[in-house]
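K.L.:
Structure provided below as structure tokens; questions to follow.
The values are calculated or read from the model by the stated rules, or taken from the named source; none is laboratory data. Small disclaimer: the values here were computed from a predicted structure and weren't measured. So basically every Cβ, Gly included, is an ideal-geometry build from the backbone, and we count neighbours across all protein chains shown.
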Amino acid sequence: MNDKKITIALSKGRIFKDTLPLFKHADIEPVEHPEKTRKLIIETNQADVRFLIVRATDVPTYVQYGAADMGVSGKDVIIEHGGDGYYEPLDLKIANCRLMVASPIDEIDEPKKLRIATKYVNSAKKYFAEKGQQVEIIKLYGSMELAPLINLSDRIVDLVETGNTLKANGLKPTEHIRNISSRLIINRASMKMKHQKIKEIMNALEEAVTNKSQQK
Ligand code: AMP
């Protein structure tokens, strides 16, 4: 990690798009857009701040090991990662969705021991354990909606925003596990060593989140 710079890990797509206006409020603007460049390190208008473009599931790892001082990560990803090595001081209230159990619309009888296909193994295990329900979890890396259609599983656990993806695949949301949003995460050592600059950015982001929710 560059000692003087503040390095911020972000993922492309939804998180980058929704985070940009918040960082703009902190007077941090990328000099290039990640959708328009192949570069993975993007400088900003502030000489001592840069963005790292990484996979969403890798953001906590970069922050945990201090390769990035801070990052923006979905609560779903943080739960699966385990939350070690970083603070989670701020709910950015972006990329909001729900983690849900979904079942086939046309299911007649509930199977005795459910098979659950999901990418969110930790969240799913915890949810069913707390309910005292024995299930078999099948780990998938994507396209979970397919699993019940071809009898790989009886249910899925997935993120739901509008519910359109479930509906298009003959599924319906049946149990709400938790609400999900993106969080600011900060490496523990960076929080101490670069406290002033990090606090400055955190305060500006917090103000941006508050302003945005007051506008609604
Ligand atoms: P929807 O059809 O609007 O319910 O969106 C569901 C699809 O978008 C599923 O494939 C989800 O995994 C994905 N999705 C929804 N919200 C999010 C989010 N906040 N972060 C990542 N993926 C999401």
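K.L.:
Out of 179, 151, 169, 211, report the one residue that is within 12 Å of the ligand (Cβ to nearest atom) and loosely packed, with under 14 Cβ neighbours inside 10 Å.
P.N.:
Answer to the check: 179.
K.L.:
Take residue 156 and tell me if it is outside the structural domain of residue 56 (by TED's automatic domain parsing), more than 30 Å from residue 201 (Cα to Cα) and not in a loop (DSSP other than H, G, I, E, B).
P.N.:
When the stated conditions are applied, residue 156 passes them.
K.L.:
Are there helices (runs of 4 or more DSSP H) fully within the range 159-216 with at least 1 residues that are modelled with pLDDT under 95? List them.
P.N.:
Counting at least 1 such residues, we get 195-215.
K.L.:
Considering (1) of a type in the set (S, T, N, Q); (2) in the same structural domain as residue 12 (by TED's automatic domain parsing); (3) assigned to a helix (DSSP H, G or I); (4) within 12 Å of the ligand (Cβ to nearest atom), say which one residue 73 fails and leave the rest.
P.N.:
(3)
A quick yes/no check of all residues on (1) closer than 27 Å to residue 106 by Cβ; (2) more than 23 Å from the chain's Cα centre (by Cα); (3) within 14 Å of the ligand (Cβ to nearest atom):
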site: 126; (1), (2), (3): no, no, no
site: 138; (1), (2), (3): yes, no, no
site: 146; (1), (2), (3): yes, no, yes
site: 160; (1), (2), (3): yes, no, yes
site: 163; (1), (2), (3): yes, no, yes
site: 175; (1), (2), (3): yes, no, no
site: 190; (1), (2), (3): no, no, no
site: 193; (1), (2), (3): no, yes, no
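K.L.:
Another question, if that's okay. Do any residues in the range 124-140 that are assigned by TED's automatic domain parsing to the domain that holds residue 151 and without any contact (Cβ under 8 Å) to a residue 40 or more places away in the chain have Cβ atoms under 7 Å from those of residues that are assigned to a helix (DSSP H, G or I) and not small (Gly, Ala, Ser), where the two are at least six apart or on different chains, and which pairs are they?
P.N.:
What qualifies is 135/128; 137/121; 137/125; 139/121.
K.L.:
Can you pull out every residue in the range 85-114 that is more than 12 Å from the ligand (Cβ to nearest atom) and among the charged types (D, E, K, R)?
P.N.:
Correct list: 88, 91, 106, 107, 109, 110, 112, 113.
K.L.:
Would you mind telling me which numbered condition in (1) part of a strand (DSSP E or B); (2) not assigned by TED's automatic domain parsing to the domain that holds residue 60 residue 90 fails?
P.N.:
(2)
K.L.:
Using the structure shown, decide if residue 38 is of a type in the set (D, E, K, R) and farther than 28 Å from residue 161 by Cα.
P.N.:
Taking the combined requirement at face value, the residue satisfies it.
Yes or no, residue by residue, for (1) within 30 Å of residue 153 (Cα to Cα); (2) surrounded by fewer than 14 Cβ atoms within 10 Å (Cβ to Cβ); (3) touching a helix residue (DSSP H, G or I) at 6+ places or on another chain (Cβ under 7 Å):
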site	(1), (2), (3)
14	yes, no, no
22	no, no, yes
25	no, no, yes
34	no, no, yes
37	no, yes, no
53	no, no, yes
58	yes, no, no
77	yes, no, yes
